[in-house]
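Below is one structure, written out as structure tokens; the observations come after it.
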């Protein structure tokens with residue numbers, strides 16, 4: 001609908017077209033008059049009135065188009081147009097909300113990619129649903145999407161993990177041992193150390209050359225990778241591709257950087273040095289003085305590899321602790337001719353609340369909560385919802401007690417209950433119709449021709465509560481396309497909650513079965529159920545038919 005209004009306006013200014021929150025003022029609005037008035041040095045209200053005059057008769061499909069101070073143009077939809085949307089939803093079913101924004105383009109979404117030095121931490125796990133839902137929205141928007149996990153199986157962390165495991169192995173044997181500085185503690189490390197003498201770990205260690213810290217670390221990170229991926233699958237996340245840092249061809253990337261004169265010698269090391277003076281503060285070591293490649297070098301190589309695979313856009317979902325890595329990575333991509341092809345979604349950490357108290361979480365001390373533990377406690381649906389409930393850049397307080405409540409206080413329960421209610425109404429309509437003197441209506445039936453004609457002619461019309469509900473259904477395709485551009489996946493949970501709230505009010509206020517408007521209202525219920533299911537499908541949350 002937003003795009004239709006833009007076409008009517010023949011807008012070249014990139015003016016915003018947005019939904020109107022207060023239904024009294026219409027359904028959509030645009031700020032085009034404010035933009036043009038500034039350019040023309042004219043009164044915005046006069047410009048708005050002139051635009052409305054010039055648009056006739058192109059705005060015949062709207063019940064009302066008005067100019068509102070300080071210069072907005074508001075659009076109110078005709079009931080006949082609303083009927084068309086209801087029909088479109090009930091005929092399109094699962095495809096309702098699809099758009100062609102990303103048609104013909106390939107996008108790689110890399111997410112989770114947790115350090116494999118232990119089980120999946122609840123903080124790192126937040127990036128899972130964010131990346132997964134973003135990938136689903138992009139796919140619904142026409143992109144060819146690859147969900148990817150990057151396995152960091154190189155670096156100091158691997159050796160330190162191995163040293164920590166060796167410490168526990170020696171302790172178990174009664175040998176003298178000292179935990180390395182910055183080493184990993186906790187029962188999860190001790191448990192893995194106990195397993196290192198059993199198959200298949202023992203064979204793997206033997207193949208590598210014995211229980212050295214580095215070999216122990218190599219085996220451990222593969223063990224934790226398997227564990228992390230299994231937990232992700234339980235959360236409803238399945239990756240299309242796993243890439244390993246050890247398989248990235250960084251030497252070739254260093255050669256490319258050298259050929260493009262993007263490296264300079266400094267303090268015995270090779271530094272990335274972009275030519276643009278504005279990017280001077282993005283300088284960073286690529287090759288250390290001892291010849292070792294840095295994580296930055298490997299990451300440049302990894303992103304170039306993804307672009308070489310034919311991706312038009314790369315989206316990384318990272319924890320907030322990677323904030324400083326973004327400018328230099330984007331500077332490297334830009335310097336290599338891939339301007340704006342790398343986008344990053346940052347997410348803040350999670351605080352768990354149990355019985356009103358914060359739960360302490362520190363991986364190095366071993367005192368932390370795993371994603372598996374929370375999954376066991378609240379289930380996948382609640383875990384996904386609460387991770388997605390707020391903007392990724394907002395810190396969240398995950399109330400475990402609230403997530404388990406079977407009441408309207410729990411938002412995911414409230415939304416799922418709305419879907420179950422919709423199914424119940426349609427089930428009763430199908431099963432009891434003949435006992436009320438009418439042909440049983442199946443949920444899949446198209447609206448009767450007489451109903452369509454009556455609605456389009458405005459004979460029946462819409463109750464304000466009905467209209468409020470249908471407005472939310474109309475906004476769904478616009479929302480999907482907006483998220484494909486902004487990456488703000490939390491807006492889907494807000495939308496699902498609003499839609500559920502509108503439906504509960506409709507259900508409690510408007511008589512459906514046995515009312516003169518029964519057929520009309522059943523069509524609204526069918527459309528509402530479809531859109532709510534489509535929304536929950538994007539969120540990766542189940543849409544129960546009974547509760």
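Every number in this text was worked out from the coordinates using simple rules, so none of it is lab data. Note that the coordinates shown come from a computational prediction; the quantities given were computed from them, not determined experimentally. As a convention, Cβ positions derive from the backbone with ideal geometry for all residues, glycine included, and neighbour counts pool all protein chains shown.
The relative contact order of the chain comes to 16 percent, based on Cα pairs under 8 Å that sit 6 or more residues apart. For the peptides 261-273, 522-534, 343-355, the ranking by packing is 522-534, 343-355, 261-273, with the highest mean count of neighbouring Cβ atoms within 10 Å listed first. Here region 287-348 and region 500-541 have alpha carbon centers that stand 45 Å from each other.
Provide the three semi-axes, in whole Å and in decreasing order, of the ellipsoid equivalent to region 161-207 as defined by the square roots of 5 times the Cα gyration tensor eigenvalues.
18, 11, 10
Hydrodynamic radius of the chain by the Kirkwood approach over all distinct alpha-carbon pairs: 26.9 Å. Were the residues from residue 312 through residue 249 laid out at 0.36 nm apart, the gain over their Cα-Cα distance would be 20.6 nm.
Here the simple spin-label model places points 7 Å from the Cα toward Cβ, and for residue 405 and residue 53 these points are separated by 5.6 nm.
Once the chain from residue 515 to residue 230 is taken as fully extended at 0.36 nm per residue, the excess over their C-alpha distance is 97.5 nm.
Using the Cα atoms as the points, what is the convex hull volume per residue of region 2-77 in Å³?
On the way: hull volume 6.0 nm³, N = 76.
Convex hull volume per residue, Cα atoms: 79 Å³.
Report the relative contact order of region 2-77, percent, no decimals, based on alpha-carbon pairs under 8 angstrom and at least 6 residues apart.
On the way: 121 pairs, mean separation 23.1, N = 76.
RCO, region 2-77: 30 percent.
FRET efficiency for the pair residue 424 and residue 93, taken as 1/(1 + (r/R0)^6) with r the Cβ-Cβ distance and R0 = 25 Å, rounds to 0.80. On full extension, the segment bounded by residue 360 and residue 18 gains 118.9 nm, given 0.36 nm per residue less the C-alpha separation. Cβ crowding within 10 Å ranks 214, 333 as 214, 333, fewest other Cβ atoms first. In terms of other Cβ atoms within 10 Å, 378, 137 run from fewest to most in the order 378, 137.
With each label modelled as a point 7 angstrom along the Cα→C-beta vector, the residue 42-residue 61 pair spans 2.6 nm. Seen against the Cα atoms of the chain and their longest principal axis, helix 250-259 is set at about 80 degrees. Note on residue 179 and residue 266: with the Förster distance fixed at 22 Å, the Cβ-Cβ geometry gives a FRET efficiency of about 0.05. For the chain, the longest principal axis of the C-alpha atoms and the axis of helix 79-92 are separated by about 50°.
Within 10 Å of each residue's Cβ, count the other Cβ atoms and sort 45, 329, 547, 422 from fewest upward.
Details: 45 17, 329 21, 547 13, 422 25.
Starting with the residue having the fewest Cβ neighbours, the order is 547, 45, 329, 422.
Between helix 44-55 and the chain there is an angle of about 70 degrees, using the helix long axis and the longest principal axis of the Cα atoms. A Förster distance of 22 Å, applied to the separation of the beta-carbon atoms of residue 144 and residue 391, puts the FRET efficiency at 0.20.
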